[in-house]
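Structure first, then comments.
Please treat every number below as a calculation from the coordinates, not as lab data. Predicted, not measured: the structure shown is a model, and the values here were computed from it. Quick reminder, even Gly has a Cβ in these numbers, built from the backbone with ideal geometry, and neighbours come from all protein chains shown.
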Amino acid sequence: MSEVSTVPGVLILLGPPGAGKGTQARLLEERFGLVQLSTGDLLRAAVAAGTPSGLAAKAVMAAGGLVSDEIVLAILQDRMAEPDTARGVILDGFPRTAGQARSLDGLLAITGQRVSAAISLEVDDAAMIDRVAGRYTCATCGEGYHDTSKRPARAGACDKCGGTDFKRRADDTAETARERLKAYHDQTAPLIAHYRKLGVLESVDAMGSIADIAAALDPIVRRATN
Ligand code: AMP
């Protein structure tokens, strides 16, 4: 009898704000054809569109708190229902609470799937505030930059697409980053034990360069998606 067919993989990137989840998820998307699924991006889009979920989430996000599981799960489930996710997904910023992790396990069980790897990006807290408070992106292509550690080669123009508009997230201030870090330690870091128990936890030192972290992730993702 043939096995229940599964998508190539459901990968989770765990780590505090500034650990590089978004950057690495985008690189994995390019390298492995997986689909990046960022609940932060989905929520920012809902805020920008002024949907009821966006309106409810806006103030919580601005303060660096966590949006309710109910809203986040509804947004995620809608996105997971789109056909491109059959290529396999990298969850970036989800799950962030024990309730979200349980809901995800339940959601995947319905289709005979499971988390193939939960990768914890290990970083020093102190460095995270600087990383977050200094970062910005190209408004055209999304390439990431930083005030001190990664400036565009030609001032004011994106290295990747030449775009000249850049943007900063409203919640990327030192003060909000401290709140987000606290939310991470209080509510998200305990998930590391959950995934260790499930036998799918991987840890990667994420204090190095973007290229070094990508190189460390490569064999893990290769194994998890095979
Ligand atoms: P991120 O882009 O992942 O840093 O998320 C930005 C903000 O969106 C967070 O600080 C939270 O307010 C909210 N958010 C994103 N993902 C979640 C989630 N899984 N659960 C609760 N809130 C979330």
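Residue under question is R26, and the condition is that it be within 15 Å of F94 (Cβ to Cβ), in contact (Cβ under 8 Å) with a residue 40 or more places away in the chain and either within 15 Å of the ligand (Cβ to nearest atom) or part of a loop (DSSP other than H, G, I, E, B) (or both); does it hold? In short, no. Pairs linking a residue in the stretch 94-108 that is more than 15 Å from I71 (Cβ to Cβ) to a residue that is more than 6 Å from the ligand (Cβ to nearest atom) and aromatic (F, W, Y), with Cβ atoms under 9 Å and 6 or more positions apart or on different chains, are A101/Y195. Could you please find all residues in the stretch 133-154 being farther than 21 Å from L181 by Cβ and among the polar types (S, T, N, Q)? Matches in the stretch 133-154: T140 only. Among residues of the stretch 63-85 that are within 13 Å of R96 (Cα to Cα) and in a helix (DSSP H, G or I), those with a beta-carbon under 8 Å from a residue that is β-branched (V, I, T) and within 14 Å of the ligand (Cβ to nearest atom) at least six positions away or on a different chain give the pairs D69/T97; V72/T39; L76/T39.
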